[in-house]
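Notes follow once the structure below has been shown.
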Amino acid sequence: RRVHGGFGIDKLTMLSRVSSVVRREAAIKGLFKYAGNSKTSVARAAVTERAALHSRAKERQHSQSSSGILKRLWKGLAAAGLAFAATTVNVASTAEEEEPKFPHVVGVVQYQSNAPIEDRFSIKKTDLGFFISVFDGHGGWQAAEFAQGCLVDNIVSSVPNGSKKDYKQAMIAGFEKTEAQFISKLRPAFQVGFGDLNHVGCCALSVLLANNTVFVANAGDCQAVLAHRKRGKLQAIPLSRIHNANMKEEQDRLRREHPNEVDIVRCKSSQACYVKGRLMPTRAIGDAYLKYPEFNNTVVWDKTRGRAVGAPYTPPYITATPEVVERTIQPGDDFVIIASDGLWDELTPEEAVQIASQEQAPELASQRLLESALKKAADRHHISVEQLKLIAPGRRRSLHDDITVAVVSLQPFRS
């Protein structure tokens, strides 16, 4: 269990940090081997190797050699439970001169499937209010990390005064400013031949809690869901809309804007549709080749020059401009779940709200949501959660996506 820049460090990754002697004796390389082509075979191979590891460690349990180190490390990991990066944030204590007022305001957990992880998150108290943001990268981690570093500052700097109307406009301006800054960084590198940069991007969702109000700015398929209690029953209220090519309203919009392009949306199935056959999100930061002609690879046969879209080509197809939702915090509003699509691929909003409500503290609620999502992913592939966790990041991506979950209590933000 470790907190380090938003990265979730799992058991195998932590073991890889041990000395080369311990790695060899623990047969870590064996744990990473495939056994056949099926996903289930991969998990079973990992379990077989894990059993061999246990046997070898038992034989050397009285030794002072590296097996003793390995045994203690496994015991510590088992006590920690799931591999996650968790943080509990106190809104008031982020300012040095203030005493803590709101313990357990937000809990965040993160679990990787990609190697390296492409999700990022940020939690920040500003003069404007309290921000919680989630970034889901695709084509690499670079856009997500860039947005993590500057989106909130760009939003705050875009507010000329304190009115609610300006808050919404500032969130839109902040996203667009972040997009412009990212593209300006890409341009010189792309011009000298770093073609892969043209399809690096990220979905982004930022929640601002200020003046007894929740503002949600979303570009992509991350989601924010409110838990609201009404007559003793808990309801799941979406605070954002999914922007991807699976959604009929997004398909209709794309066809209206590009009427002469029969390939504007290509679907492999009802839940696997892509803009121009390339990208599922219809709003995102980055993905320059789907927005700006200068980033489209015109030498189609040369893959080193980046992604290419052939004629007809009439960009922009996607946008970084977010959709902003505003809601005054009401007496029945309990908490908000903010997560990348790795969570929502496994749980419905209704399921997520019910699961999170079983815990009293946000950090425990986010943990339980992560555990439930991993259980769903494991069940779908007919393996156990333990088998799932034994598969190395990178290979695990075929079973589930990177998962980032934040649960935010609204009680401290009521006026």
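The values are calculated or read from the model by the stated rules, or taken from the named source; none is laboratory data. Please read these numbers as outputs of a predicted model, since none were measured by experiment. Here Cβ is always computed from backbone atoms with ideal geometry, including for glycine, and neighbour counts include all displayed protein chains. Accessible surface is based on the protein model in full, side chains and every heavy atom, while ligands, DNA and RNA are left aside. Shrake-Rupley method; radii C 1.70, N 1.55, O 1.52, S 1.80 Å.
Positive-end ranking of Gly129, Gly139, Val108 along the dipole of segment 101-187, with charges on Cβ about the Cα centre, is headed by Gly129. Per-atom-type breakdown for segment 98-219 gives carbon and sulfur 54% of the accessible area (1.4 Å probe, protein chains only).
Tally Lys/Arg at +1 and Asp/Glu at -1 over every other residue whose Cβ is under 11 Å from the Cβ of Thr314; what's the total?
On the way: positive: Lys276; negative: Glu257, Glu261.
After counting each charged neighbour, the total is -1.
Counting heavy atoms of the protein chains only and a 1.4 Å probe, report the per residue accessible area for segment 273-407 as a whole number of Å². Let's see the in-between values first.
Values: 5180 Å² over 135 residues.
Normalised by residue count, the accessible surface of segment 273-407 is 38 Å².
When nucleic acids and ligands are ignored and a 1.4 Å probe is applied, Thr321 ends up with an accessible area of around 40 Å².
Along the axis of the charge dipole computed for segment 346-391 (Cβ charges of +1 for Lys and Arg, -1 for Asp and Glu, origin at the Cα centre), the listed residues Ser357, Ile391, Leu347 are led at the positive end by Ile391.
Sorting Met171, Met280 on solvent-accessible area from highest to lowest, probe radius 1.4 Å, gives Met280, Met171. Ranking of His138, His382 by solvent-accessible surface, largest first: His382, His138 (1.4 Å probe, protein heavy atoms only, all chains present). Ranking Ser122, Ser384 from most to least accessible surface, computed with a 1.4 Å probe over the protein chains only, gives Ser384, Ser122.
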